[in-house]
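Trainee: Supplied in structure tokens, the structure appears directly below.
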Amino acid sequence: LKGNQNTISVTIPEGTTLKDVAAILQDASICNAIDFMEEVTDPGRLGKIFSNWELIPQAEGLIFPDTYFFEKHTPAGKVAERMLKLMKHQIDKVFFAKLPLGLNQYEGCILASIVEKEAVLNKERPIIASVFYNRLKKKMKLESCATVLYALGTHKSRLLNEDLKVDSPYNTYLNTGLPPTPISNFGIASMKAVAC
């Protein structure tokens with residue numbers, strides 16, 4: 001690393017959750033994971049950064065996947081603030097016009113997070129987004145395996161029938177409409193697919 005010896009670069013990949021981000025930051029000696037979780041989920045901070053939204057959002061999914069440069073042992077509040085502000089900046093850049101079906105920006109984020117977890121290739125994202133839009137339009141269940149995995153809180157390569165019965169607002173096999181919050185941090189490609 002050039003410059004300040006204390007500066008660390010840390011990459012937050014697409015599809016991570018808040019807990020993943022907290023662990024990445026702690027492993028890189030940037031800040032303590034528990035402190036970060038406390039700061040990033042602070043309603044005061046979220047309300048200030050997302051002040052043009054009707055509701056104060058949950059922080060899940062609102063960390064922009066990118067490479068960040070921080071000094072070792074940066075205060076967790078400072079780290080959370082920078083990451084959330086960058087995501088808000090990107091959301092405003094991509095979701096500047098009305099979204100299909102009248103979704104608001106936060107609902108667009110929820111859908112983008114599902115597209116992020118369902119897609120393997122970039123070219124699949126617009127197709128996946130349009131499938132979910134069609135289901136939302138017809139008041140059908142989204143039936144996204146990614147939301148069930150989030151509800152289960154564990155990674156599985158194959159879901160079983162009993163997994164699809166998990167009692168959770170994130171289970172889109174049981175509940176119609178969008179889950180209550182995003183399920184992962186999503187990148188520009190997923191946002192653009194939702195903004196189509």
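Trainee: Provide, for q = 0.21, 0.25, 0.26 Å⁻¹, the log10 of I(q)/I(0) from a solvent-free Debye sum over equal Cα point scatterers in the stretch 97-154.
Mentor: -0.86, -1.15, -1.21
Trainee: In addition: Using all Cα-Cα distances in the stretch 152-196, what percent lands in each 10 angstrom bin from 0 up to the longest?
Mentor: The percentages, shortest bin first, are 21, 43, 32, 4.
Trainee: When every alpha-carbon pair in the chain is counted, what percent end up more than 23 Å apart? Mind dumping the intermediate values first?
Mentor: On the way: 8474 of 19110 pairs.
Counting every Cα pair in the chain, those more than 23 Å apart make up 44 percent.
Trainee: Let me ask something additional. Compute the FRET efficiency between K48 and K19 as 1/(1 + (r/R0)^6), taking r as their Cβ-Cβ distance and R0 = 25 Å, and round to the nearest 0.05.
Mentor: On the way: r = 23 Å, r/R0 = 0.93.
For R0 = 25 Å, the calculated efficiency reads 0.60.
Trainee: Please provide three numbers in whole Å: the alpha-carbon extents of the stretch 57-149 along the principal axes, with the largest listed first.
Mentor: If we take the Cα atoms of the stretch 57-149, the spans are 49, 28, 24 Å.
Trainee: Once the whole set of protein chains is in place, how much accessible area is left on K117, using a 1.4 Å probe, in Å² to the nearest 10?
Mentor: Solvent-accessible area, nearest 10 Å²: 100 Å².
Trainee: Per residue, how much accessible surface does the stretch 1-135 expose to a 1.4 Å probe? Answer in Å², no decimals. Intermediate results must be reported in sequence, preceding the final value.
Mentor: Details: 7140 Å² over 135 residues.
That works out to 53 Å² for each residue.
Trainee: Tell me the mean residue ellipticity at 222 nm calculated for the chain from its helices only (DSSP H runs of n ≥ 4, each -39500 (n - 2.57), averaged over every residue, nearest 500). It would help to have the intermediate numbers written out before the result.
Mentor: Values: 8 runs with 86 residues, N = 196.
Calculated mean residue ellipticity at 222 nm is -13000 deg cm²/dmol.
Trainee: Next question, about the same structure. How large, in percent, is the carbon and sulfur part of the accessible surface of the stretch 40-104 at a probe radius of 1.4 Å? All intermediate terms of the calculation are to be shown ahead of the outcome.
Mentor: On the way: 1890 of 3490 Å².
Exposed carbon and sulfur together represent 54 percent of the surface.
Trainee: Please give the solvent-accessible surface of E116 in Å², to the nearest 10, using a probe radius of 1.4 Å with every protein chain present.
Mentor: 20 Å²
Trainee: Counting only other residues whose beta carbon sits under 15 Å from that of T176, what net charge do I get with K and R as +1, D and E as -1? Don't skip to the answer; put the middle values down first.
Mentor: Numbers: positive: R135, K137, K138, K139, K141; negative: E107, E143.
So the environment of T176 carries a net charge of +3.
Trainee: Further, regarding this structure: Report the dimensions of the stretch 59-110 along its three principal axes from the alpha-carbon atoms, largest first, rounded to Å.
Mentor: 44, 17, 13
Trainee: Could I ask something else about it? Which of the helices in the chain, when you take each full DSSP H run, stretch at least 24 Å along the axis at their Cα atoms and have an average Kyte-Doolittle score of -1.0 or higher? Kindly include the intermediate steps, with their values, before the conclusion.
Mentor: Values: long enough: 76-94 (27 Å, -0.33).
In the chain, the long hydrophobic H runs are 76-94.
Trainee: Which of rounded, prolate, oblate describes the stretch 1-40, given a ≥ b ≥ c as roots of the alpha-carbon gyration tensor eigenvalues and a/c under 1.5 marking rounded, otherwise prolate only if a/b is larger than b/c?
Mentor: Working: a/c = 3.02, a/b = 1.56, b/c = 1.94.
Judged from the Cα gyration tensor, the stretch 1-40 comes out oblate (a/c at least 1.5, b/c at or above a/b).
Trainee: Starting from the Kirkwood Rh over alpha-carbon pairs, what translational D in µm² s⁻¹ does the stretch 1-82 have by Stokes-Einstein at 4 °C and 1.567 mPa s?
Mentor: On the way: Rh = 13.1 Å.
Calculated translational D: 99 µm²/s.
Trainee: Ranked from highest to lowest mean number of other Cβ atoms within 10 Å per residue, what is the order of the peptides 59-68, 178-187, 154-163?
Mentor: Working: 59-68: 21.1, 178-187: 24.0, 154-163: 8.8.
Those peptides, ordered most packed to least, come out 178-187, 59-68, 154-163.
The values are calculated or read from the model by the stated rules, or taken from the named source; none is laboratory data. If you're wondering where the values come from, they're calculated on a predicted model, not measured in any experiment. Positions of Cβ are generated from backbone atoms using ideal geometry, with glycine treated the same way; all protein chains shown enter the neighbour counts. Only protein heavy atoms, including side chains, enter the accessible area calculation; ligands, DNA and RNA are left aside. Shrake-Rupley method; radii C 1.70, N 1.55, O 1.52, S 1.80 Å.
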